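One structure is given here, and the rest of the page talks about it.
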Amino acid sequence: MSSFNIRKATANDATFVLEMSEAAGHGFLTHYFKQVLPKGQDLREFMLSRVENTQGKMSYTKCLIAEVDGACVGMINLDLIAENPEPIDPDLPPMFRPLAELEASVPGALIIEFLATRPDARGKGVGAALIDSAKSQAGSGGVALVVSDNNMTARGLYEKAGFLEAGRRPIVTQGWETTGSEWILMKTPNAVTS
């Protein structure tokens with residue numbers, strides 16, 4: 001693979017960001033958005049509107065893109081956890097609660113929400129370069145992420161990048177089909193867990 005460069009995502013990348021977010025989520029996002037889709041709306045357009053919303057958690061504004069010869073090959077979505085996180089919203093859907101609990105346990109950390117590469121770019125250093133970019137922007141709590149216990153490929157990548165396991169919570173599926181049973185919080189050694 002040619003050398004690649006990493007840049008901030010733009011509004012023109014929204015479709016790619018959604019594609020990579022869906023790949024990283026292994027059907028989790030699609031399952032959730034099917035449950036909350038307003039009647040009469042197209043699922044893909046509804047999900048894309050979440051990526052295009054500059055204030056949303058899935059916003060392209062929180063993403064970095066890896067490119068090879070001008071073609072997008074990978075994406076990472078990053079979100080900073082507050083030093084003093086707000087209490088978890090009691091109305092948060094149950095499938096998101098364990099994720100929110102794990103993320104809240106690393107105040108000040110930069111969270112990798114989604115990381116994915118195109119299949120033909122895997123194993124070529126794109127994911128590692130995106131992780132390195134995240135590490136260069138680390139918050140006071142380091143860098144952290146949550147991954148499913150069944151995603152051995154991703155866990156191997158994160159372990160190779162120096163992430164350590166820091167906590168677990170049961171996966172709440174609400175009908176989402178997965179072979180995973182637990183969410184695993186992984187963090188850089190300098191990330192403090194509360």
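The values are calculated or read from the model by the stated rules, or taken from the named source; none is laboratory data. Everything quoted here is computed from the prediction, not taken from an experiment. Here Cβ is always computed from backbone atoms with ideal geometry, including for glycine, and neighbour counts include all displayed protein chains. With ligands, DNA and RNA removed, areas are computed over all heavy atoms of the protein, side chains included. Shrake-Rupley method; radii C 1.70, N 1.55, O 1.52, S 1.80 Å.
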In the set Arg50, Arg97, which member is without any contact (Cβ under 8 Å) to a residue 40 or more places away in the chain, among the basic types (Lys, Arg) and farther than 20 Å from Ala134 by Cβ?
Arg50
So which residues in the stretch 50-66 are out of contact with any Asp or Glu (no Cβ under 9 Å at 6 or more places or on another chain) and either open to solvent by 30 Å² or more (accessible area, probe 1.4 Å) or at pLDDT below 95 (or both)?
Arg50, Glu52, Asn53, Thr54, Gln55, Gly56, Thr61
For residues that are in contact with a strand residue (DSSP E or B) (Cβ under 9 Å, 6 or more places away or on another chain) and polar (S, T, N, Q), scanning just the stretch 158-194, find the one that is modelled with the highest pLDDT.
Ser181
Every listed condition ((1) more than 15 Å from Leu78 (Cα to Cα); (2) open to solvent by 20 Å² or more (accessible area, probe 1.4 Å); (3) in contact (Cβ under 8 Å) with a residue 24 or more places away in the chain) holds for Pro38 save (3)
For the list (1) under 27 Å from Asp149 (Cβ atoms); (2) at pLDDT below 95, I need the number of the one condition that Pro38 fails.
(1)
Check off (1) among the hydrophobic types (A, V, I, L, M, F, W, C); (2) within 19 Å of Met58 (Cα to Cα); (3) part of a loop (DSSP other than H, G, I, E, B) for Val172 and give me the number that stays unchecked.
(2)
Does Glu86 satisfy being part of a helix (DSSP H, G or I), surrounded by fewer than 19 Cβ atoms within 10 Å (Cβ to Cβ) and not aliphatic (A, V, I, L, M)?
no
Looking at (1) open to solvent by 10 Å² or more (accessible area, probe 1.4 Å); (2) in a helix (DSSP H, G or I); (3) under 17 Å from Ala23 (Cα atoms), which one does Ala129 not meet, given that it meets all the others?
(3)
Quick one: count up the residues across the stretch 6-18 that are in contact with a strand residue (DSSP E or B) (Cβ under 9 Å, 6 or more places away or on another chain) and over 14 Å from Ile76 (Cβ atoms).
1
